[in-house]
Amino acid sequence: MTKLLTGKEPAQAIKDEVAERITALGKRVGLATVLVGDDPASEVYVRMKHKAAAKVGMYTYDHKLPADTPQEEVEDLVRSLNADPSVDGILVQLPLPDGLNPDTVIDCIDPGKDADGLHPHSLGLVVLERTGGAIPATPQGIMKMLNFYEVETEGKVAVVIGRSRLVGRPMGLLLNHKSGANSTVIFAHSRTRDLPSITAMADILIVAAGRPGLVEAEGVKPGAVVIDVGINRVDDKLVGDVDFDSISEVASAITPVPGGVGPMTIASLLLNTVALAEARAEAG
Ligand code: NAD
């Protein structure tokens, strides 16, 4: 019987910890979000992040810009948030509208306020397996989920589909860490040949491609743990990247979409923000 790895319980445990740490800090903790354009899915995600932040006692600052905002203006807003002492964490909701370069916008975020952990400095610390920076929220959330459900990672083969800055690449690095998961990691991507033969090697399969139905039961090793990161709207329903029904027959555990990785991403964003606030308070 496949175990359903829901995000609700582990996310709540993280949010309880965040609330306690905010109380212990004894100062206002502020999260600023930057949403450019009017993509309905992004609007929903930002609203969910605000709601979750408010519930743990965080202050939120909502910045919305029209889709045709020039690059320089988006970057100026980020710089002004860097300078704002009431802001501890900055989140730029991705993807940005066509015509805006997300890399240079993210590069403008002060690494000490990088709530999503996507600044080159934060990612560099992940590469070097050093602490002190924010860890990319989605991969961090997945690691915490694996830990919560006591999924053994040491020496296991982990296949990560996707190599984005946001999910795939940092995910593989975290699974590779010597001081942490110690998995043997394979990155699969859009140029990978014969994907099912690669995914079939996985004890732990993380799918972050944004392609509904990309992985079917034939590509899953019996007993594998399958983490579906994808969020796709198909016929007005949210689905992941894997064929949930057929894979449930083969896998030992699988995340649902929605209700799996999504809540862990939000909880990790809050965890990063409180850690950044603590570091700022300590530095005076
Ligand atoms: P992205 O488009 O930046 O990257 C997709 C990756 O998938 C690329 O590296 C590409 O090489 C790979 N890929 C695409 N088609 C493929 C194929 N046919 N075979 C193998 N690999 C293929 O996307 P992203 O930002 O990494 O997000 C991936 C998915 O995860 C999206 O559906 C996104 O909505 C979702 N997401 C979910 C959460 C969450 O909290 N649940 C958070 C972030 C992203």
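The distance from the alpha carbon centre of region 192-252 to that of region 15-88 is 32 Å, rounded to a whole number.
The alpha-carbon of Lys55 sits under 28 angstrom from the alpha-carbons of these lysines, leaving out residues fewer than 8 places away in its chain: Lys8, Lys15, Lys27, Lys64, Lys113, Lys144, Lys237. Taking a point 7 Å from the Cα of Ala67 along the Cα-to-Cβ direction, the residues of region 34-52 with backbone N closer than 13 Å to it are 36-43. Relative to the longest principal axis of the Cα atoms of the chain, the long axis of helix 71-83 lies at roughly 70 degrees.
Indicate, rounded to the nearest 5 percent, the antiparallel portion of the DSSP beta bridges found entirely in the chain. Write out the running numbers ahead of the final one.
On the way: 3 of 33 bridges.
If I count the DSSP bridges inside the chain, around 10 percent turn out antiparallel.
Leaving ligands and nucleic acids out of the surface, order Ile198, Ile231 by accessible area at 1.4 Å, largest first.
Most to least solvent-accessible, the answer reads Ile231, Ile198.
In this rough spin-label picture, where each label sits 7 Å from Cα along the Cβ direction, the Asp38-Glu129 distance is 4.9 nm.
State whether region 1-92 is rounded, prolate or oblate according to the following rule on the C-alpha gyration tensor (a ≥ b ≥ c being the square roots of its eigenvalues): a/c under 1.5 gives rounded; otherwise a/b larger than b/c gives prolate, and the remaining case gives oblate.
Numbers: a/c = 3.11, a/b = 1.35, b/c = 2.30.
Oblate, because a/c is 1.5 or more while a/b does not exceed b/c.
Calculated mean residue ellipticity, 222 nm, the chain: -12500 deg cm²/dmol, from DSSP H runs (n ≥ 4) at -39500 (n - 2.57) each, averaged per residue and rounded to 500.
At an R0 of 41 angstrom, the distance between the Cβ atoms of Ala24 and Thr104 translates into a FRET efficiency of 0.65.
The values are calculated or read from the model by the stated rules, or taken from the named source; none is laboratory data. Everything numeric in this text was worked out from a predicted model, so none of it was measured. All Cβ positions, even for glycine, are placed from backbone atoms using ideal geometry, and neighbour counts span all protein chains on display. Side chains are part of the model used for accessible areas, which takes the heavy atoms of the whole protein and leaves out ligands, DNA and RNA. Shrake-Rupley method; radii C 1.70, N 1.55, O 1.52, S 1.80 Å.
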